[in-house]
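First the structure, in the form of structure tokens, and then the observations on it.
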Amino acid sequence: MKIAQNEKSLDCEQEGRHSADLRGEDLQMNTDNFDLLSNADYFFSTYMVDRTLTKKGKEVTLKILEAARLILIEKGSGSLTLRDVARAAGIRLSNLQYYYPTREDLVRDLLMLVFSVYQQLYDQIFRSEGIGAQEKLAQAVRCLLANIKEPSVHRLFFELWALAQRNELLEHLLRDMYDSYCRRIEEIIEQISPDMPQHLRRQRSILIAFLIEGIMVRYSLAQEDGESLRNMDDECLRQIQRMVCWS
């Protein structure tokens, strides 16, 4: 649906252009190496509260999950066997199976660990005090656009998507992850444009989420120079800021 271009919506876009100057310096994801392990405390306190793990147990769990991640991005999902993960993690297969009896169990927790990285980012930005909703949106978009330029990130997601296509549980978990992502965007849209109808907020949150996912596919297929990437980022943010404005 075309956005109404009256005085209120133009004011919204003008505020958005100011926010577009933000580059997310304060809350930047590590794009040199997608470091899942730095989010371990958040992961265990948020998604693993139903498990009793010692300090050593947590260390072994993270070692297994990191080994699985590296196999996925370096060799692909076809090479993700428990035996190969155990070998990459430097532990016995029987030890790995104590934590993860099946490959499905392993990938499920890997998905949750990946999810926790983004959830922690959204918590940092969207719960920040002293900045407006437009600035929060700009920071989140800038951080995500920087993150998806990292080859290990799009390789990991492509492999997770492939696994989810052949496994009902993983498909459900991945859908839940994206649903939660869209809800966070929808909350920001509501703060920026409280008069926007709820069904349109929902639709536009989905469009914004998968606009960024689509750009990730583009980055994986083409070599862009630095200026082209910056221009793409700027245009992406401008279009997102148009979508969140309403009168």
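The values are calculated or read from the model by the stated rules, or taken from the named source; none is laboratory data. Being a predicted model, the structure only gives us computed values, none of them experimental. Cβ placement follows ideal geometry from the backbone for every residue including glycine, while neighbour counts extend to all protein chains displayed.
Within the group Val153, Val107, which residue is farther than 19 Å from Ser220 by Cβ and surrounded by 15 or more Cβ atoms within 10 Å (Cβ to Cβ)?
Val107
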Check Glu224 against each of (1) outside any helix (DSSP H, G or I); (2) at pLDDT 90 or above and name the one condition it does not meet. (2)
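Per-residue answers, yes or no, for (1) at pLDDT 90 or above; (2) over 30 Å from Cys236 (Cβ atoms); (3) touching a Leu at 6+ places or on another chain (Cβ under 9 Å); (4) surrounded by 13 or more Cβ atoms within 10 Å (Cβ to Cβ):
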| site | (1), (2), (3), (4) |
| --- | --- |
| Leu36 | no, no, yes, yes |
| Asp41 | no, yes, no, no |
| Leu62 | yes, yes, yes, yes |
| Ile71 | yes, yes, yes, yes |
Can you tell which of Asn167, Asn231 is touching an Asp or Glu at 6+ places or on another chain (Cβ under 8 Å) and over 21 Å from Ala133 (Cα atoms)? Asn167
Is at least one residue of the range 189-211 within 22 Å of Val107 (Cα to Cα), under 14 Å from the mean Cα position of the chain (by Cα) and aromatic (Phe, Trp, Tyr)? no
Within the range 19-32, does at least one residue satisfy the condition of being of a type in the set (S, T, N, Q), modelled with pLDDT of 75 or more and in a helix (DSSP H, G or I)? no
Contacts under 6 angstrom Cβ, first residue in the range 63-77 being in contact (Cβ under 8 Å) with a residue 24 or more places away in the chain, partner assigned to a helix (DSSP H, G or I) and among the small types (Gly, Ala, Ser), 6 or more apart: Lys63/Ala89; Ile64/Ala89; Ile73/Ser152; Ser77/Ala162
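Could you count how many residues in the range 191-221 are in a loop (DSSP other than H, G, I, E, B) and among the charged types (D, E, K, R)? So that I can check it myself, show each step before the final result.
From the range 191-221, those in a loop (DSSP other than H, G, I, E, B) are 193-197; that's our starting set.
Filter once more, so that each one left must be among the charged types (D, E, K, R): 195.
So the count comes out to 1.
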Check the range 141-148 and report whether any residue there is under 22 Å from Glu74 (Cβ atoms) and crowded, with 19+ Cβ neighbours inside 10 Å. yes
Looking at (1) without any contact (Cβ under 8 Å) to a residue 60 or more places away in the chain; (2) surrounded by 17 or more Cβ atoms within 10 Å (Cβ to Cβ), which one does Ile188 not meet, given that it meets all the others? (1)
